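These notes concern the structure reproduced below.
The values are calculated or read from the model by the stated rules, or taken from the named source; none is laboratory data. In this text the structure is predicted, and so the values were computed from the model without any measurement. For neighbour counting, all protein chains shown are included, and Cβ atoms are generated from backbone atoms with ideal geometry for every residue, glycine included.
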Amino acid sequence: MSSPQKPDRLEQARIDKLEKIVALGHDPYGGRFENHASISSVRGKCPEASGTPGDAVRIAGRIMLRRKAGKLRFFDVADSSGSIQVLCSRGDLGEEQWELLSQFDLGDLIGVDGKMWRTDSGEVSIFADRLHILSKSLAQPPEKFHGASDVELLLRHRSLDLIYTEGVRDRMLLRTKIIQSVRNTLNSRDFVEVETPVLHAVAGGAAARPFNTHHNALDIPLFLRIALELHLKRLMVGGIERVYEIGRVFRNEGIDATHNPEFTMMEVYQAYGDYNAMMDLTEAVVVEAVKVVKESGVRSQESGDPSRDREGAEAAGDSRLSTLNPQLTLPWKDSTIDFTPPWPRKTYAELFREHAGCEMSDQAAVRAKAKELAAAGKIKHEFIQRMETTEIHPDVIVGEVFEAMVEDALIGPIFVKDYPASLCPLTKRKKDDPTVAERFELFIHGMELANAYTELNDPRLQEELFRTQLAGLAEEDSMAKMDREFLQALKIGMPPAGGLGIGIDRLVMLLTNSRSIRDVIFFPLLRPER
């Protein structure tokens, strides 16, 4: 058994103060502290005139700053609602209280009884009558608090980040408001929220590599879910005609600015709808969330310049952005996003033609374009090698070129609709053209935010598509994974329906102007600390 780690010099100094607090007769980890008010509420009780005592108040919070001037001590104390200055006078507190105060450090949680007071400089303050120790902090504040920056440290110790990095807590609380807005929008349209299993026998519903696990009692392999889709559709078969879930999904993939192996997805299914109904719903969900962000008053990480964005948009020929709506406009990096509906809806084929410069059906031109993009480092050379040595479905090559050439050029919000049917095995085909699937993706500044279908509800066609893997695709790259329980549900009869998935983390990124998905997840996955 390993021995406990010896505290460093700074931690030992705090432990020494903790022991002095005990010697003074106080519990360094406090207890129930009743009848205290939020700091934001007591600030309004401050008298207008300086030097005049106001109402008696009681607060609790964390010491964020401290300073001294002669026989006065000043603390900035913060709770979840705000911060306030606390004034402590040696003559008013008494010897025992002054000794207790002397054991306080930055980061300690304390309680304060006192009277509201406005200083000569006009600062709202509390003149302390009595102090209480509620939790002694043994950890030093991070160096970032003093001007340095260690992003890895703050992400690994998110508690410190929430306490000491300006704007982080506001952004994370805004995340909860955005998710609540999504729920409110769906609930107001008679959608029912449900919970479905996280452990799946078949890793279906998306193209991704799953996390594998094993159930010992049943002695069966299981997977952490990569999508919410197939169970929600079974509920729709069972008569829940408007159903949704907001939940965690897990994909065993890399980590970058827009990907975390564990993330939050919202999926919704509407009986007797189609992908056009899902476009309308997507607009409503996002626009209502934008309004919540605007009403919150929380400043985003960086502000954009609407006039510069307008000039750039007009130069690019995007007339939609020439009249930005300030009520539905949010900053994004060095520009802005105008969420004013209706959003443009363009087909996959016309965008491919516009940006790739050739028709999707021209296989020779598409292959040449793929090689050109590989030479420029925009498509992996391994894919080109497979293309040359393996029989790959032409639409797979089209998809690679589209991703490399088109997606980053989509400023949006823009709906890209009518995808090649072979890329969408869970999607209904267009009646007049079975090579085209009734699917859309929503793109904003090159980021895919939503994915939706007119759902396939023909059990025989679905089984055929499950059996026919796309040529050249590895198992984890294909959505066509056999799920017999789902097929049995389809045979019972699933109504025609529209289905929609929105990445909640990416939505929060866009609405809070955050550069990385790690900034909007409380605890993103990190490499273990050595």
Qualifying residue in segment 204-216 (condition: hydroxyl-bearing (Ser, Thr, Tyr), farther than 30 Å from Phe466 by Cβ and in the same structural domain as Val508 (by TED's automatic domain parsing)): no
Any hit, segment 56-70, residues being touching a Gly at 6+ places or on another chain (Cβ under 7 Å) and surrounded by fewer than 14 Cβ atoms within 10 Å (Cβ to Cβ): no
Lone qualifier among Pro425, Pro434, Pro420 - being more than 35 Å from the chain's Cα centre (by Cα) and in the same structural domain as Tyr269 (by TED's automatic domain parsing): Pro434
Residue in segment 271-282 that is hydrophobic (A, V, I, L, M, F, W, C), at pLDDT 95 or above, buried (at least 17 other Cβ atoms within 10 Å of the Cβ) and touching an Asp or Glu at 6+ places or on another chain (Cβ under 6 Å) present: yes
Any chance Asp256 is crowded, with 17+ Cβ neighbours inside 10 Å and farther than 22 Å from Val286 by Cα: no
Subset of segment 119-128 that is over 16 Å from Ala78 (Cβ atoms) and at pLDDT below 95 - its residue that is surrounded by the most Cβ atoms within 10 Å (Cβ to Cβ): Thr119
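Okay, residues lined up against (1) at pLDDT 90 or above; (2) closer than 30 Å to Arg169 by Cα; (3) among the basic types (Lys, Arg); (4) part of a helix (DSSP H, G or I):
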| site | (1), (2), (3), (4) |
| --- | --- |
| Glu463 | no, no, no, yes |
| Phe486 | no, no, no, yes |
| Ile492 | yes, no, no, yes |
| Pro495 | yes, no, no, no |
| Met509 | yes, yes, no, yes |
| Pro524 | no, yes, no, no |
Segment 325-345: number of residues that are of a type outside the set (Gly, Ala, Ser) and surrounded by 16 or more Cβ atoms within 10 Å (Cβ to Cβ): 11
Checklist (1) modelled with pLDDT under 95; (2) assigned to a loop (DSSP other than H, G, I, E, B) applied to Gln103, failing item: (1)
Within segment 135-227, helices (runs of 4 or more DSSP H) holding 3 or more residues that are out of contact with any Ser or Thr (no Cβ under 6 Å at 6 or more places or on another chain) and either of a type in the set (S, T, N, Q) or modelled with pLDDT of 95 or more (or both): 168-187
Residue within segment 58-77 that is farther than 23 Å from Ala13 by Cα, in a loop (DSSP other than H, G, I, E, B) and over 41 Å from the mean Cα position of the chain (by Cα) present: yes
